[in-house]
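A.B. asks: First, the structure itself, so that you have it in front of you.
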Amino acid sequence: MSDATEREVPEPEAASADADAWEKACAEDLAAEKARRRAQYGPPPASAGEELRKLVDAVSEKLSGLQTPLLGAVAQGAVEQTVRQVVRQAKAAVEPVIERNPDVFDHLASAGSELLAAYRSAVEGQEGRWTRGSDAAKGPDRRDEGPGPAEHIDLD
């Protein structure tokens, strides 16, 4: 007999039990880590879709409470009714989009953050060149190389 025929083959039930135990242990560790982070940092931020929903609600509340003293009482009632109708229509348009595509808003928020970081980096680089008075065509700024030869400045 060879070594291959003498070795015991693990039974599928034993391998499945080990995998289940590992999966359970990982899930417990993950739950404990999430609980620790919630205790330390508070609740995690809401998804971008939930934040959009909160924004729509906040704007609708502000618009509903908007009072325009320049209009008469009759016109004020008509304006309030129109504002409520516009808010209802906006909510009716936004809600289904959020429900069907919750991950899209997270991806858009992430892409927006990356674009902002790229823009900020480009602006900081350009500001650095402006403040040093150096242009890429001129080469590096001589002030970065330390003290140079003394120059005579005629003050008369």
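Coordinate-derived values only; no laboratory data. Because the structure is a prediction, the values reported are computed rather than measured. So basically every Cβ, Gly included, is an ideal-geometry build from the backbone, and we count neighbours across all protein chains shown.
A.B. asks: Report the full-extension gain for the segment Glu61 to Ala25: residue separation times 0.36 nm, less the Cα-Cα distance, to one decimal in nm.
C.D. replies: Between Glu61 and Ala25, full extension yields 8.3 nm more.
A.B. asks: Taking the Cβ of Glu50 as the center, what net charge do the other residues with Cβ under 13 Å away carry, scoring Lys and Arg +1 and Asp and Glu -1?
C.D. replies: Taking every Cβ under 13 Å from that of Glu50, the sum is -4.
A.B. asks: Gain in length, Arg84 to Glu51, computed as 0.36 nm per residue apart minus the alpha-carbon separation, to one decimal in nm?
C.D. replies: Value of the extension gain: 9.8 nm.
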